Structures are given as C-alpha cells and as structure tokens.
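Data block below; observations after.
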Amino acid sequence: MIQQWNEHLPPQPPTTPAAIAAWNGTAPQGDWVNGSSVAYAVAFANASGPSQPGPWSTFAPSTVNAFPTLANLPVDPLKMATNRWIYRQFLKADGTKSPIRIVGITDATSTTYQDTQP
C-alpha cells in the first residue's frame, strides 16, 4: 500500500550536495574556460517527476580542468527515487552565472557520476 502511495508522489529533495572528486579533461571546451567555476546540484526523481534540486555544491574553479567526476551523490533515504537528475551551473569570470542545465540522469544508487557535457 505504501509503495503505491509513493509512486504517485515525487520524492523529497536531497539534503546534501555532491562533491567534485576528480577532473577528467582539460579546458577550454564549450563552457569550460579558464576563469570560470562550476557547481552541481542533484534532484531525486520518479515517474511522478523530480524533486526540487538539493543544495548546490560550492563553485569550484575549473581553470584548465573540465568534465569532473562527482562523488558522494545523495541517495534517497525514503527510496522513492528511481533516478537522479544532475544539474550544473557555471560562474563566469565576469561574475555572471550561466543558465542552470540538466547535464545527466543517473540511477538512484550509484555514488559517482562523470560529467561529459561541454
């Protein structure tokens, strides 16, 4: 009965941010340019839709780096999520922020994700 109820509601948002664990490429490529910084947020999702994004990671300078691996992806403690949406935003050298983009959708249990989007 509870499982049926859960299937009709989107999950609650994560309470912790993901963290950048490693860099897998070099800048410049697309939005990955020297002087920019990048931050990530995660939302839990199921057939009823996504939660609001959880807290954002702190902005990490990309300098000559690009395409990080995220670690410590939050896991839905209520187990309502069937996947997670990974959001990214850049802080440009001039202080403006890029539009928030969904850069990936991953399963609900993996603890890492590699950003491969330019």
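Summary table below
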item: Some residue of region 83-93 being among the hydrophobic types (A, V, I, L, M, F, W, C) and within 12 Å of the chain's Cα centre (by Cα); result: yes
item: Every residue from region 27-44 that is surrounded by fewer than 19 Cβ atoms within 10 Å (Cβ to Cβ), outside any loop (DSSP other than H, G, I, E, B) and without any contact (Cβ under 8 Å) to a residue 60 or more places away in the chain; result: S37
item: Which numbered condition N24 fails, given (1) surrounded by fewer than 16 Cβ atoms within 10 Å (Cβ to Cβ); (2) in contact with a Lys or Arg (Cβ under 6 Å, 6 or more places away or on another chain); result: (2)
item: Yes/no for R101 being more than 13 Å from P17 (Cα to Cα), under 12 Å from the mean Cα position of the chain (by Cα) and charged (D, E, K, R); result: yes
item: Failed item in (1) basic (K, R); (2) over 14 Å from W32 (Cα atoms); (3) out of contact with any Leu (no Cβ under 7 Å at 6 or more places or on another chain), with R84 passing the rest; result: (3)
item: Qualifying residues in region 8-26 (those that are assigned to a strand (DSSP E or B) and of a type in the set (S, T, N, Q)) - the one nearest to D107 (Cα to Cα); result: N24
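Here, each number is a calculation from the coordinates, and none is a lab measurement. Being a predicted model, the structure only gives us computed values, none of them experimental. As a convention, Cβ positions derive from the backbone with ideal geometry for all residues, glycine included, and neighbour counts pool all protein chains shown.
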